[in-house]
Amino acid sequence: MCKKVQVHPVYQKWGLLAILTLTWGSSFILIKQGLLVYTPMEVGALRLCVAGLALVFFGVRSFKHIPKKLIPWVIAGGGMGNFIPMFLFPLAQERVSSSMAAILDSLVPMFVLLFGFLFFGVRSRLWQVVGVIIGFSGAALLIGADTDGGRSDVSHSLLIILATAFYGMNGLIINRYLSGIPSFKLSAAVFTIWFGPALIILGFTDFFSTFAGTPAQWKGLGYVAILGLVGTALAMILYYKLLQLTSALFASMVTYLIPIVAVMWGVLDGERLGWSHALGGMLILLGVYLIQRKPNTGPATLVAAPSVPDEALSQRDNPASNRG
């Protein structure tokens, strides 16, 4: 009789962290490779369709666990966290290198803090405000830098920042209204809801009329399929396993590691980075650190209201979002 192999929790958590870092850090280069064959709208729609197909069976069964009064919030959160950014990133990466896209993607906790203060009445500590200022300063430095031989421009960089803003709002919506729904059921339901619109968008592209089964097309489709299955569906499951084993603070380490993997892939693919990009990235990550930093005693605050939960600040992929 075979014995079940038990893996020590310490090895489990570090192993999951490493897999997630590699998976999410590789998503930006996968988008870049998909864009060599398909249009940005095709890449986004295909990614959502692949993830939707993988989860639709679970999603249909998940609706009975979601109160009807919360369905509008599920739709809104899913649109901000799953649907719109899946198209913004490919559109941006037509002119923004995969390395820079990954670094700018780290701005999400700053938008969680900013929107939490503006729209949800949450408390902001003094060093968190400083972190937001530092982080956005780093983003401005990155946007003003010449990346990858002049491929980047301001308008396309702003598309990534807009995507991170949607992620931030999505995290707050989920934390405020949907936190009582099991994460897998919520994610499966969101992918099921947005599977139909993604398929419709794909139908309006030239994908079905131009797909001839060439080696290049199959290769590009393979990159996007990996992006949808591994970087979206599977990574979500692994991330919540990591949260169960550890804490939101430990899981937030992935935020700092993802740009490293993405930059390594970018360099291997011929992207050029200068000192301005390194400095901008360091400023963004410093800002993220200050925002996620645990308080000691008596922290200075800006408003007397509930603070942003650590889970909202630290989640790279909250229950209904898949960044990058």
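Filtering 98, 27 for residues that are in contact with a Leu (Cβ under 9 Å, 6 or more places away or on another chain) and farther than 22 Å from residue 238 by Cα leaves a single hit, 98.
Only one entry in 230, 130, 224, 190 is at pLDDT below 95, among the β-branched types (Val, Ile, Thr), more than 22 Å from residue 115 (Cβ to Cβ) and in a helix (DSSP H, G or I), namely 230. Going by the conditions given, is residue 295 surrounded by fewer than 14 Cβ atoms within 10 Å (Cβ to Cβ), touching a strand residue (DSSP E or B) at 6+ places or on another chain (Cβ under 8 Å) and modelled with pLDDT of 60 or more? Considered against the rule, which asks whether it is surrounded by fewer than 14 Cβ atoms within 10 Å (Cβ to Cβ), touching a strand residue (DSSP E or B) at 6+ places or on another chain (Cβ under 8 Å) and modelled with pLDDT of 60 or more, residue 295 comes out as yes.
Taking residue 118 as the residue in question, decide whether it is over 24 Å from residue 32 (Cβ atoms) and surrounded by 24 or more Cβ atoms within 10 Å (Cβ to Cβ). Show your work before the answer.
Details: over 24 Å from residue 32 (Cβ atoms): yes; surrounded by 24 or more Cβ atoms within 10 Å (Cβ to Cβ): no.
In short, no.
Could you check region 155-181 and list, in sequence order, the residues that are in contact with a helix residue (DSSP H, G or I) (Cβ under 7 Å, 6 or more places away or on another chain) and either surrounded by fewer than 17 Cβ atoms within 10 Å (Cβ to Cβ) or polar (S, T, N, Q) (or both)?
Keep residues of region 155-181 that are in contact with a helix residue (DSSP H, G or I) (Cβ under 7 Å, 6 or more places away or on another chain), which gives 156-157, 159-175, 177-178, 181.
If the condition is that a residue be in contact with a helix residue (DSSP H, G or I) (Cβ under 7 Å, 6 or more places away or on another chain) and either surrounded by fewer than 17 Cβ atoms within 10 Å (Cβ to Cβ) or polar (S, T, N, Q) (or both), then 157, 162, 164, 170, 175, 177 are the ones that fit.
Can you spot a residue in region 86-109 that is under 18 Å from the mean Cα position of the chain (by Cα), over 20 Å from residue 262 (Cα atoms) and either touching a residue at least 40 places away in the same chain (Cβ under 8 Å) or crowded, with 23+ Cβ neighbours inside 10 Å (or both)? For region 86-109, residues under 18 Å from the mean Cα position of the chain (by Cα), over 20 Å from residue 262 (Cα atoms) and either touching a residue at least 40 places away in the same chain (Cβ under 8 Å) or crowded, with 23+ Cβ neighbours inside 10 Å (or both): absent. Of everything listed in (1) over 29 Å from residue 214 (Cβ atoms); (2) within 18 Å of the chain's Cα centre (by Cα), the single unmet condition for residue 58 is (2). Under the condition of being closer than 11 Å to residue 83 by Cα and either modelled with pLDDT under 95 or assigned to a loop (DSSP other than H, G, I, E, B) (or both), the residues counted in region 33-46 number 0.
Just one of the listed residues (203, 213) is within 19 Å of residue 48 (Cβ to Cβ) and surrounded by fewer than 17 Cβ atoms within 10 Å (Cβ to Cβ), and it is 203. Assess whether residue 47 counts as being basic (Lys, Arg), in contact with a helix residue (DSSP H, G or I) (Cβ under 8 Å, 6 or more places away or on another chain) and crowded, with 23+ Cβ neighbours inside 10 Å. Spelling it out, residue 47 is indeed basic (Lys, Arg), in contact with a helix residue (DSSP H, G or I) (Cβ under 8 Å, 6 or more places away or on another chain) and crowded, with 23+ Cβ neighbours inside 10 Å.
Which of the following residues is assigned to a helix (DSSP H, G or I), touching a His at 6+ places or on another chain (Cβ under 9 Å), more than 19 Å from residue 255 (Cα to Cα) and touching a residue at least 60 places away in the same chain (Cβ under 8 Å): 141, 159? Lay out the reasoning, then the answer.
On the way: 159 fails: touching a His at 6+ places or on another chain (Cβ under 9 Å).
Testing whether each residue is assigned to a helix (DSSP H, G or I), touching a His at 6+ places or on another chain (Cβ under 9 Å), more than 19 Å from residue 255 (Cα to Cα) and touching a residue at least 60 places away in the same chain (Cβ under 8 Å) leaves just 141.
In region 36-55, the count of residues that are of a type in the set (S, T, N, Q) and either within 13 Å of the chain's Cα centre (by Cα) or closer than 16 Å to residue 194 by Cα (or both) is zero. Taking first residues from region 263-278 that are modelled with pLDDT under 85 and partners that are in a loop (DSSP other than H, G, I, E, B) and surrounded by fewer than 21 Cβ atoms within 10 Å (Cβ to Cβ), the Cβ contacts under 6 Å between residues at least 6 apart in sequence or on separate chains come to 272/148; 276/145; 277/145.
Give the residues of region 272-291 that are buried (at least 16 other Cβ atoms within 10 Å of the Cβ), of a type outside the set (Ser, Thr, Tyr) and within 22 Å of the chain's Cα centre (by Cα), sorted by residue number. Steps first, please.
Residues of region 272-291 that are buried (at least 16 other Cβ atoms within 10 Å of the Cβ), as a first pass: 273, 277, 280-281, 283-291.
Now restrict to residues that are of a type outside the set (Ser, Thr, Tyr): 273, 277, 280-281, 283-288, 290-291.
Of everything in region 272-291, those that are buried (at least 16 other Cβ atoms within 10 Å of the Cβ), of a type outside the set (Ser, Thr, Tyr) and within 22 Å of the chain's Cα centre (by Cα) turn out to be 277, 280, 281, 283, 284, 285, 286, 287, 288, 290, 291.
The rows are residues; the columns are (1) modelled with pLDDT of 90 or more; (2) more than 20 Å from residue 159 (Cα to Cα); (3) not aromatic (Phe, Trp, Tyr).
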residue: 78; (1), (2), (3): yes, no, yes
residue: 86; (1), (2), (3): yes, no, yes
residue: 89; (1), (2), (3): yes, no, no
residue: 93; (1), (2), (3): yes, no, yes
residue: 108; (1), (2), (3): no, no, yes
residue: 113; (1), (2), (3): no, no, yes
residue: 117; (1), (2), (3): no, yes, no
residue: 120; (1), (2), (3): no, yes, no
residue: 125; (1), (2), (3): no, yes, yes
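From the list 254, 230, the one residue that fits, being touching a Lys or Arg at 6+ places or on another chain (Cβ under 6 Å), β-branched (Val, Ile, Thr) and either under 23 Å from residue 80 (Cα atoms) or buried (at least 20 other Cβ atoms within 10 Å of the Cβ) (or both), is 254.
For region 61-88, filtered to residues that are β-branched (Val, Ile, Thr) and assigned to a helix (DSSP H, G or I), the residue that is farthest from residue 104 (Cα to Cα) is 71.
Looking only at region 162-200, which residues are charged (D, E, K, R) and under 23 Å from residue 53 (Cα atoms)?
Keep residues of region 162-200 that are charged (D, E, K, R), which gives 176, 185.
The answer is 185, and nothing else.
The values are calculated or read from the model by the stated rules, or taken from the named source; none is laboratory data. Note that the coordinates shown come from a computational prediction; the quantities given were computed from them, not determined experimentally. Note that we place each Cβ from the backbone using ideal geometry, even for glycine, and neighbour counts take in every protein chain shown.
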